[in-house]
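Visitor: This is the structure I have questions about; it appears just below.
The values are calculated or read from the model by the stated rules, or taken from the named source; none is laboratory data. The shown structure was predicted, so the numbers you read here are calculated from the model rather than taken from an experiment. Backbone-built Cβ (ideal geometry, glycine too); neighbour counts: all protein chains shown. SASA here: full protein model, heavy atoms, side chains in, ligands and nucleic acids out. Shrake-Rupley method; radii C 1.70, N 1.55, O 1.52, S 1.80 Å.
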Amino acid sequence: MHCQQQSNALSALAKKLPPELLPEALAAARAIQDKDYRANVLSALASGLSQMPTAELFSLWQDTLHELSLRTRSNLLRDIKALFPVIFALSGEAATAEIACAIFDVARWWK
C-alpha cells in the first residue's frame, strides 16, 4: 500500500481501534518513512494510546522512543510533538515541562 494511503487509512481508523490493536497500529505508524505522514498517524493514535494502562503504555513508549532516537533531528522532534499526549499520560504536567526543557537543551547542541 502506498505511504499516503496507509497513513490516511491508519489516521481514519485511529479513533475507532480497540485498545488491543493500538500497539500494532503504533508499530505500523513507526514504519512509515515519510515524516509528515508518520507524524499525522502518530498524532491520530496519541489520544487512544494515552488512555492505555500506564504499564502497557510505558513499554510501548520505550520501544517507540528507542526507534525515534535513531531518526534525524527533525523527524525526532516532529514525532515527539505528535506523541505529546502520550508523554503527558505517562509523566503528568511537571515531568512534561521538564521533558520539553530537555528537548530544547538538546536542540541547542544541534545548531
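Visitor: Identify all residues within region 38-84 that are more than 20 Å from LYS15 (Cα to Cα), aliphatic (A, V, I, L, M) and either at pLDDT 90 or above or touching a Leu at 6+ places or on another chain (Cβ under 8 Å) (or both); write none if there are none.
Guide: Selection gives ALA55, LEU68, LEU76.
Visitor: Next question, about the same structure. Looking at LEU13, is it among the hydrophobic types (A, V, I, L, M, F, W, C) and in contact (Cβ under 8 Å) with a residue 24 or more places away in the chain?
Guide: Taking the combined requirement at face value, the residue does not satisfy it.
Visitor: Turning to a different aspect of this structure: Looking at region 5-26, is at least one residue assigned to a helix (DSSP H, G or I), under 30 Å from ARG108 (Cβ atoms) and open to solvent by less than 70 Å² (accessible area, probe 1.4 Å)?
Guide: The answer is yes, given that some residue of region 5-26 is assigned to a helix (DSSP H, G or I), under 30 Å from ARG108 (Cβ atoms) and open to solvent by less than 70 Å² (accessible area, probe 1.4 Å).
Visitor: Would you confirm, using the coordinates I've provided, whether ALA29 is at pLDDT 85 or above and of a type in the set (Gly, Ala, Ser)?
Guide: Yes; evaluated as a whole, the condition is true for this residue.
Visitor: In addition: Residue pairs, Cβ under 7 Å, 6 or more apart or interchain, first in region 68-84 and within 17 Å of ALA27 (Cα to Cα) and without any contact (Cβ under 8 Å) to a residue 60 or more places away in the chain, second surrounded by fewer than 16 Cβ atoms within 10 Å (Cβ to Cβ) and aliphatic (A, V, I, L, M). List them.
Guide: From residues that are within 17 Å of ALA27 (Cα to Cα) and without any contact (Cβ under 8 Å) to a residue 60 or more places away in the chain, the pairs are ILE80/ILE103.
Visitor: State whether the residues of region 52-66 include one that is surrounded by 13 or more Cβ atoms within 10 Å (Cβ to Cβ) and assigned to a loop (DSSP other than H, G, I, E, B).
Guide: yes
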